[in-house]
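I'd like to ask you about the structure that follows.
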Amino acid sequence: MMRRILNVVAVLSIFLVIGACADKKSHAKSVYMLVDTSGTYTQELGRAQALTGYILGTLNPGDSFAVARVKSRSFSEKDIIAKVTFDKDPLQANAQKRAFRDKVADFTKGVTKGSAYTDITGGIIQAAEFLNETGAGRKTILIFSDMQEELDYKTVRDFPINLKGISIVALNVTKLTTDNVDPRRYLNRMEWWEKRVRAAGAEDWRRINDLDHPERIFEARR
C-alpha cells in the first residue's frame, strides 16, 4: 500500500514539474517589420504605414513591435524607426500604440529619396537579434520589399545566418520591370530567399501580396 502511494506521489511530482516547465514558455508575440526604402520602392511607404496600423491592432499588452528601414546598410539599431514592448496596463498600451503610429507616420513623410542599395540580409540579422532579446514565444519578421537585394562592393552578407524559431513573411513583393520581361527572375528570387531562410532554421516562410486581407499574415501555421 505504501509503495502504491509513493508511486502516485512520484507520478504527480513529474506532472507538476512538466507543468512548471510548460508555464515558463512565453505566450507573448514579437513582430519586427522591415520596410524597404531603396529606389522607387519608397512609393509603397503609404501602404507600409497603413499595414503598421493594422498590426498594432493585433498586438496585446506584453507583446513587442519594431519597425525598421532597409537601406544600403541595415545592420544597425539606428535604422529602427520605432520599437516598443506594450505595457500590461491596457490604457498605457493604447497610449504606446498611438505614439508608435505617430513615429511611423513622421518617418514616411520624411522619406523623399530612396537609398542606392538594399541590404535586406543586414536588416534580417538585426531583426532576429531584437526578436530573440524580447523572449517572446512567437517571433515574426515581416519584410515589406520587392526582395531585390543589392549591395555595394564593401558590404559582406554571404555567410550563414540564424533564424531558428522565427517566422518570415515577405509582403507586397512588387514585380520589377525585369520581372515583367522575364517572370523567371521573380520566381527565382523568391525561391532563393525561401531556401536561404529555411537553411537558416526559420520556422516558416510565406509570401503575401494581397494586403486587402492582412489577417493572413498571422494565420496559424498548418
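The values are calculated or read from the model by the stated rules, or taken from the named source; none is laboratory data. Keep in mind the model is a prediction, meaning the values are calculated, not measured. We place every Cβ from the backbone using ideal geometry, glycine too, and count neighbours over all the protein chains shown. Just the protein is used for accessible areas: all its heavy atoms, side chains included, with ligands, DNA and RNA removed. Shrake-Rupley method; radii C 1.70, N 1.55, O 1.52, S 1.80 Å.
Here is a list of conditions, (1) at pLDDT 95 or above; (2) farther than 25 Å from Leu45 by Cα; (3) open to solvent by 10 Å² or more (accessible area, probe 1.4 Å), and Arg185 meets all of them except one; can you say which number that is?
Condition (2) is where Arg185 drops out.
Do the conditions hold for Arg207, that is, is it open to solvent by 90 Å² or more (accessible area, probe 1.4 Å) and either of a type in the set (Asp, Glu) or out of contact with any strand residue (DSSP E or B) (no Cβ under 9 Å at 6 or more places or on another chain) (or both)? I'd like the intermediate steps shown before the answer.
Numbers: open to solvent by 90 Å² or more (accessible area, probe 1.4 Å): yes; either of a type in the set (Asp, Glu) or out of contact with any strand residue (DSSP E or B) (no Cβ under 9 Å at 6 or more places or on another chain) (or both): no.
So Arg207 fails the test.
Condition (residue is hydroxyl-bearing (Ser, Thr, Tyr), open to solvent by less than 50 Å² (accessible area, probe 1.4 Å), outside any loop (DSSP other than H, G, I, E, B) and touching a Leu at 6+ places or on another chain (Cβ under 6 Å)) applied to the stretch 62-75: is it met by at least one residue?
Within the stretch 62-75 (the criterion being hydroxyl-bearing (Ser, Thr, Tyr), open to solvent by less than 50 Å² (accessible area, probe 1.4 Å), outside any loop (DSSP other than H, G, I, E, B) and touching a Leu at 6+ places or on another chain (Cβ under 6 Å)), the answer is no, since none of the residues qualifies.
Let me ask something else. Has the stretch 191-201 got at least one residue that is open to solvent by 30 Å² or more (accessible area, probe 1.4 Å), in contact with a Gly (Cβ under 6 Å, 6 or more places away or on another chain), at pLDDT 95 or above and of a type outside the set (S, T, N, Q)?
Start the filter on the stretch 191-201 by keeping residues that are open to solvent by 30 Å² or more (accessible area, probe 1.4 Å), which leaves 191-192, 194-196, 198-199, 201.
Now drop any that are not in contact with a Gly (Cβ under 6 Å, 6 or more places away or on another chain), which leaves none.
The answer is no, given that none of the residues of the stretch 191-201 is open to solvent by 30 Å² or more (accessible area, probe 1.4 Å), in contact with a Gly (Cβ under 6 Å, 6 or more places away or on another chain), at pLDDT 95 or above and of a type outside the set (S, T, N, Q).
For Thr155, state whether it is polar (S, T, N, Q), open to solvent by less than 30 Å² (accessible area, probe 1.4 Å), in contact (Cβ under 8 Å) with a residue 12 or more places away in the chain and not in a helix (DSSP H, G or I). Lay out the reasoning, then the answer.
Details: polar (S, T, N, Q): yes; open to solvent by less than 30 Å² (accessible area, probe 1.4 Å): yes; in contact (Cβ under 8 Å) with a residue 12 or more places away in the chain: yes; not in a helix (DSSP H, G or I): yes.
Against the criterion (polar (S, T, N, Q), open to solvent by less than 30 Å² (accessible area, probe 1.4 Å), in contact (Cβ under 8 Å) with a residue 12 or more places away in the chain and not in a helix (DSSP H, G or I)), Thr155 qualifies.
Just one of (1) surrounded by fewer than 16 Cβ atoms within 10 Å (Cβ to Cβ); (2) at pLDDT below 95 trips up Ser115, so point out which.
The single condition Ser115 does not satisfy is (1).
Assess whether Ala82 counts as being farther than 25 Å from Arg196 by Cβ, outside any helix (DSSP H, G or I) and under 16 Å from the mean Cα position of the chain (by Cα). It would help to see each step written out before you state the result.
Values: farther than 25 Å from Arg196 by Cβ: yes; outside any helix (DSSP H, G or I): yes; under 16 Å from the mean Cα position of the chain (by Cα): yes.
Spelling it out, Ala82 is indeed farther than 25 Å from Arg196 by Cβ, outside any helix (DSSP H, G or I) and under 16 Å from the mean Cα position of the chain (by Cα).
Same structure again: Would you confirm whether or not the stretch 50-58 contains a residue that is open to solvent by 30 Å² or more (accessible area, probe 1.4 Å), at pLDDT below 90 and not in a strand (DSSP E or B)?
no
Can you name every residue in the stretch 158-172 that is crowded, with 23+ Cβ neighbours inside 10 Å and small (Gly, Ala, Ser)? Full working, then the answer.
So the first thing to find is which residues in the stretch 158-172 are crowded, with 23+ Cβ neighbours inside 10 Å, and the list is 163, 166, 168, 170-171.
The one that is crowded, with 23+ Cβ neighbours inside 10 Å and small (Gly, Ala, Ser): Ala170.
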